[in-house]
1. Do we find that Gly397 is among the small types (Gly, Ala, Ser) and either modelled with pLDDT under 95 or farther than 17 Å from Met375 by Cα (or both) in this structure?
2. Can you name the number of the only condition in (1) assigned to a helix (DSSP H, G or I); (2) modelled with pLDDT of 95 or more that Arg70 fails?
3. For the structure I just gave you, tell me whether Gly135 is in contact with a Gly (Cβ under 6 Å, 6 or more places away or on another chain) and of a type outside the set (Val, Ile, Thr).
4. Checking the conditions here, which among Ile229, Ile223, Ile203 is aliphatic (A, V, I, L, M) and within 16 Å of the ligand (Cβ to nearest atom)?
5. Are any of the residues in segment 220-234 under 29 Å from Leu69 (Cα atoms) and under 16 Å from the mean Cα position of the chain (by Cα)?
6. Which one is farthest from Glu273 (Cα to Cα) among residues in segment 33-62 that are in a loop (DSSP other than H, G, I, E, B) and of a type in the set (A, V, I, L, M)?
7. For residues that are buried (at least 24 other Cβ atoms within 10 Å of the Cβ) and near the ligand (Cβ under 8 Å from one of its atoms), scanning just segment 129-145, find the one that is farthest from Cys180 (Cα to Cα).
8. Quick one: in segment 307-330, which of the residues that are near the ligand (Cβ under 10 Å from one of its atoms) and in contact with a helix residue (DSSP H, G or I) (Cβ under 9 Å, 6 or more places away or on another chain) is nearest to Val360 (Cα to Cα)?
Amino acid sequence: MGYYQKEIECAPRGEIVALQNERLLAQVRHVWDNVPYYRKKMEEKNVTPKDIASIDDLHKLPFLSKKDLREAYPYGLLAVPLADCVRIQSTSGTTGKRVVAFYTQEDIDLWEDCCARAIMAAGGTKEDVCQVSYGYGLFTGGPGLNGGSHRVGCLTIPTSSGNTERQIMFINDLRATILCCTPSYAAYLGESMKEMGMQPEDIPLKAGIFGAEAWSEEMRRDIEKTLGIKAYDIYGLTELSGPGVSFECEAQQGMHINEDHFIAEIIDPDTEEVLPEGEQGELVFTAVTKKAFPMMRYRTRDICVLTREQCPCGRTHVRMKKPRGRSDDMLIIRGVNVFPSQIETVLLNHGYAANYQILVDRVNNTDTLDVHVEMTPEMFTDNMGEIAQMQRKLVEGLRSMLGITANVTLVAPKSITRSEGKAVRVIDNRKLY
Ligand code: DLL
């Protein structure tokens, strides 16, 4: 399998650390000088750029979280003049506010390099035909892998997500060899092809680059079998550019973090102490090359383990195991980030009380989202037509907040069981971790 930037991907540890030290110092200075919001946080912790001499001092810096992004929305964490930015991408925030990330052209170039590394690690070369079936637009999946595919020199098919028949037509007619999409969509495409009578050996694909949501090893084996491919995991988040923060190589034993761009730490989510290598905790990243939107010690909320054990592929960058869950309540449904608080906001805005239950499941490899909502005594009716209309309004409200469709069922007042402790709002029956 090839490398896109072998020199850095396989660099000796000493070189990587030296580069990280140099870049971290420059980044701390850049943020101190240009982001008053973060400078204030540093001052509150009595830290100045002089206190940061190497990555060993990283723990002295304050964290950033989704809460900071919300407070500073939209421009408060921008570190360059708006005139130097060429694009935004966006994902859901905790309530109505979305996360908006900014990019300079250089930021996009480096991001696309990271995606190109992932594609080449999955065996991609300029001979390949790469179908990008992640969503395009505000979501980072489509644009990121599209850019990476161009860099590798693959013939790129920007199908975006959806329209399964057309996806299958292009895979067959254009002999696509690499498929990039969420694992659940890959599984769905596989099933659809099977139903159409296609055998794995008829399918031209050889590799898939799947991420943006949790998926199990069993799911990997299923997808590999139905599509006749090798399935690679890819991880990333909008705040740090998008896909390509880390990616799997042919060893399929964890994802190499692009350490020349992102310094990873694992912390205890409760005490915020940095944990030693090999311990499970929350993944925290510091982006040392991003100029427009430089996240410092960003708390991803993903629960994970890091390993520096030597990898047979020759890459020296630290690996993260598959995320094992989240330390917040974010759900990822059909690749879209959903917070229960967003759903609650819609219900309250429509005059309902906070008596609801969110049921998530996975049926035929597709996530389902059902929201049960109690009518208030004032709105209670047994007129089916009126109920149907109220449900439709909520479905519409939820779609515009979340970007996906939920099934809404209105139930009679006081019919949702009250909890004696914390309300159990979410029942997730998927077995993801
Ligand atoms: O999901 C970026 C992405 C696009 C990654 C395409 C991979 C492929 P966000 O919408 O900001 O960005 O969601 C980020 O998704 O914090 C994780 O909880 C979850 N996530 C992303 N990749 C994986 C993965 C994109 N491979 C959030 N396994 C992250 C498990 C993942 N969870």
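The values are calculated or read from the model by the stated rules, or taken from the named source; none is laboratory data. No experiment lies behind these values; they were computed from the predicted model shown. Because the Cβ atoms are built from the backbone with ideal geometry, glycine has one as well, and the counts that use them run over all protein chains shown.
1. Against the criterion (among the small types (Gly, Ala, Ser) and either modelled with pLDDT under 95 or farther than 17 Å from Met375 by Cα (or both)), Gly397 does not qualify.
2. Condition (2) is where Arg70 drops out.
3. yes
4. That would be Ile223, the only listed residue that is aliphatic (A, V, I, L, M) and within 16 Å of the ligand (Cβ to nearest atom).
5. Yes, there is a match, as at least one residue in segment 220-234 is under 29 Å from Leu69 (Cα atoms) and under 16 Å from the mean Cα position of the chain (by Cα).
6. Val35
7. Per the stated criteria, the residue is Thr140.
8. Looking at the filtered set, the residue picked out is Met330.
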